[in-house]
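As structure tokens, the structure follows; a few thoughts come after it.
We did not get these values from a lab; they are worked out from the coordinates using the rules stated. Note that the coordinates shown come from a computational prediction; the quantities given were computed from them, not determined experimentally. Neighbour counts run over all protein chains shown; Cβ positions are idealised from the backbone, glycine included.
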Amino acid sequence: MSKKMAVKAVGLAKFFSEFAAVKNLDVTIEEGEFFTLLGPSGCGKTTTLFMIAGLHDPDRGEITINDRIVFSRSQGINVPAEKRDIGMVFQSYAIWPHYTVFENIAYPLKIRKFPKSEIRDKVAAVLSLVKMDNLGDRYPGELSGGQQQRVALARALVYSPSLLLLDEPLANLDYKVREVVRFELKELQRRTKVTTIYVTHDQTEAMVLSDRIAVLEKGELAQEGTPSEIYLKPKSKFVADFIGLSNFIPGVVNRVEEDYQIVKMEKGGEIRFSGINYHRLTPGKKVLLCLRPEDFVLHTERPETGLNVWEAKIRESAFLGNIVTYWVEMAGQVLRVQSHPYFDIERKGDKIFLSIREKQIKIIELP
């Protein structure tokens, strides 16, 4: 049974003077989904969020929230932000320093003229939800960054909006706090089942939190999918480069042998893969091999299998605790590879062998 659509944006475009911040963007988000807009600065992710929120008017396109058109340039519809039934958390949190935690969270209910008894009950319930039951009388200046972030979340959730919009809400937290709050945020979203649109440039946040991710590049959709689809099957060099670390090796499809296709790497050597994971490519087709550092297996002796094994030389290494990163020279190019910390070769100039399983090879077809 398919889920109900919560948000649909069709043909969105936004210009600032002659700069196209968003170009002809289509986005569909299901009810209860945690959906992330991911990309580098200037890619249009926050502009897209603000258009959905009603804080920017699109120059073109249509936005539907829960089966109601809230913006349509062609039909002349533009529902104000305060009537779109959304909660929003900004990067700065925007909580008032002269209000207590209780007063900050209660504010959206007061302006909607909820009865005092209902305000008290709703604030108490949401304080419990964000694990701040006993902090209602404190002022923001008496709270940690993580606690302030929870206050902002509680204020956005207190009136049970149908849609929660989050604009890089963890950016101001230090690394360890951010990692804890990520999981708290995901747990909170699962418990409330509120449809959530999250904006970030942090790929780790996107991978940890999201049901689906839309990667944006220069105002356009580069790829959309689950975290595993985006990471394991990137459709372009931009996506493969932005999500995680990648080695890019240009090559040409050289020949086909039985079930295998063989790519000749530009600087020497061959790599082969079967048709199980990829459709058959035409000999002469230019491709880009995308190989993640963790895709390689390092050996001190040449392994028995002869498929996708290359001799290499260590150029540099970096011990990072849980892994060791090596920069190795193979077939005239330097690759970044990773191994566990107990691989006992770290000396510059040592000879090793690299192998890679065919299912881990990612092929990006070039025009």
Enter the angle in degrees (range 0 to 90, nearest 10) between the Cα long axis of helix 116-129 and the first principal axis of the Cα atoms of the chain, meaning the one along which they spread out most. 20
Under a cut-off of 17 Å between alpha-carbon atoms, report the aspartates and glutamates in cross-link reach of LYS193, not counting same-chain residues fewer than 8 places apart. GLU30, GLU31, GLU33, ASP85, GLU184, ASP211
How big is the convex hull of the Cα atoms of the chain, per residue, in Å³? 189
Hey, how many Å between the Cα centroid of the range 106-176 and the Cα centroid of the range 24-75? 25
Quickly estimate the mean residue ellipticity at 222 nm for the chain, helices only: each DSSP H run with n ≥ 4 gives -39500 (n - 2.57), and the total goes over all residues, rounded to 500. -7000 deg cm²/dmol
Can you give the charge dipole size of the range 17-154 about its Cα centre, rounded to the nearest 20 debye, using +1 on the beta carbon of Lys and Arg and -1 on the beta carbon of Asp and Glu? 340
Which semi-axis lengths, in whole Å and largest first, follow from the square roots of five times the eigenvalues of the Cα gyration tensor of the range 246-365? 27, 13, 13
